[in-house]
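Scroll down for the structure; my scribbles are underneath it.
The values are calculated or read from the model by the stated rules, or taken from the named source; none is laboratory data. Just so you know, these numbers come straight off a predicted model, no measurement behind them. Here the Cβ is made from the backbone with ideal geometry for all residues, glycine too, and neighbour counts use every protein chain on show. Ligands, DNA and RNA are stripped out before the accessible areas are found, and what is left, the full protein with its side chains, is counted by its heavy atoms. Shrake-Rupley method; radii C 1.70, N 1.55, O 1.52, S 1.80 Å.
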Amino acid sequence: LRAMRPDIRVVHSSFEKFVSAEEQSLMGRLGLVVSNPPYGPRGPSAVEDNHPDYQRERKAYVYFLRRGLDLLRRDGIGVFLIPYGFLTGLNAESVELRKRVLRRHHLMAAFRLPSTLFPGANLVTDLLLFRARGGELAEVVAEDQSIVEGRYFQEYPSHLLGTELRIDEQEASDGEE
């Protein structure tokens with residue numbers, strides 16, 4: 001990248017270390033963040049960002065999503081490719097995470113991608129597009145309530161790019177063959 005684009009700054013470090021060192025110059029200034037974060041637990045680099053708002057995040061994709069989005073300026077765009085559970089998880093932790101994100105960012109659109117997109121991985125992912133609100137709302141806006149409740153793809157079934165099979169449907173179809 002440096003050879004192809006000597007006009008840009010290339011940083012070789014963990015995201016946590018970079019954002020911690022550059023937070024003052026980045027916060028609220030970025031117009032675009034695009035990320036395909038790691039999907040597992042946060043690793044040893046978790047200690048490199050000591051900002052208290054993000055220390056409790058155990059999942060790497062959640063940290064990258066929240067931290068990356070929060071760097072955006074008002075009306076900045078965040079594009080994230082993350083595991084499918086963010087929009088559809090119904091446990092209290094998933095609901096609270098969606099509330100936390102939606103108070104600061106508007107979900108413009110989301111697309112559930114086919115599990116065959118990454119050959120051999122059999123991994124279902126969602127592509128999320130956010131616009132930064134430029135501050136934090138006291139409550140989630142009424143039109144985002146269905147997102148909080150995990151019903152985004154029920155409202156936008158055309159955003160499911162593939163065929164959704166439930167385990168019980170898969171077992172039934174396996175028995176018929």
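Taking 0.36 nm per residue of separation and subtracting the Cα-Cα distance, full extension of the segment from Glu48 to Phe18 would add 9.9 nm.
In square angstrom, what is the accessible area per residue of the chain with a 1.4 angstrom probe?
Here the residues of the chain average 61 Å² of exposed surface.
Largest first and in whole Å, what are the equivalent-ellipsoid semi-axes of the chain based on the Cα gyration tensor, each being the root of 5 times an eigenvalue?
30, 21, 16
Could you please state how large a percent of the accessible area of the chain is carbon and sulfur, counting protein chains only and using a 1.4 Å probe? Looking at the chain in its full context, I get 53 percent from C and S. Among His105, His12, His159, the largest mean-square fluctuation in a Gaussian network model of the chain (Cα springs under 10 Å) belongs to His12. With the highest mean first, a sort of the peptides 81-87, 24-30 on other beta-carbon atoms found within 10 angstrom per residue produces 81-87, 24-30. Amide H contacts under 5 Å for Gly76: Ala132, restricted to partners 5 or more places along the chain or on a different chain, H placed in the peptide plane at 1.01 Å from N. Computed on protein heavy atoms with a 1.4 Å probe, the accessible areas place Arg67, Arg58, Arg100 in the order Arg58, Arg100, Arg67, largest first. In this structure the amide hydrogen of Leu123, modeled in the peptide plane, comes within under 5 Å of the amide hydrogens of Phe118, none closer than 5 places in sequence on its chain.
Annotation: Lys59 carries an accessible surface of approximately 90 Å², with a 1.4 Å probe and no ligand, DNA or RNA atoms counted. Expressed to the nearest 5 percent, the antiparallel share of DSSP beta bridges inside the range 1-134 is 75 percent. Percent of alpha carbon pairs in the range 86-151 separated by more than 20 Å? Beyond 20 Å sits 32 percent of the P(r) for the range 86-151. For the pair Leu26 and Glu136 in one chain, pulling the backbone fully straight at 0.36 nm per residue adds 37.8 nm over the alpha carbon distance. Ranked by solvent-accessible area (1.4 Å probe, protein heavy atoms only, all chains present), the residues Arg151, Arg74 order from largest to smallest as Arg74, Arg151.
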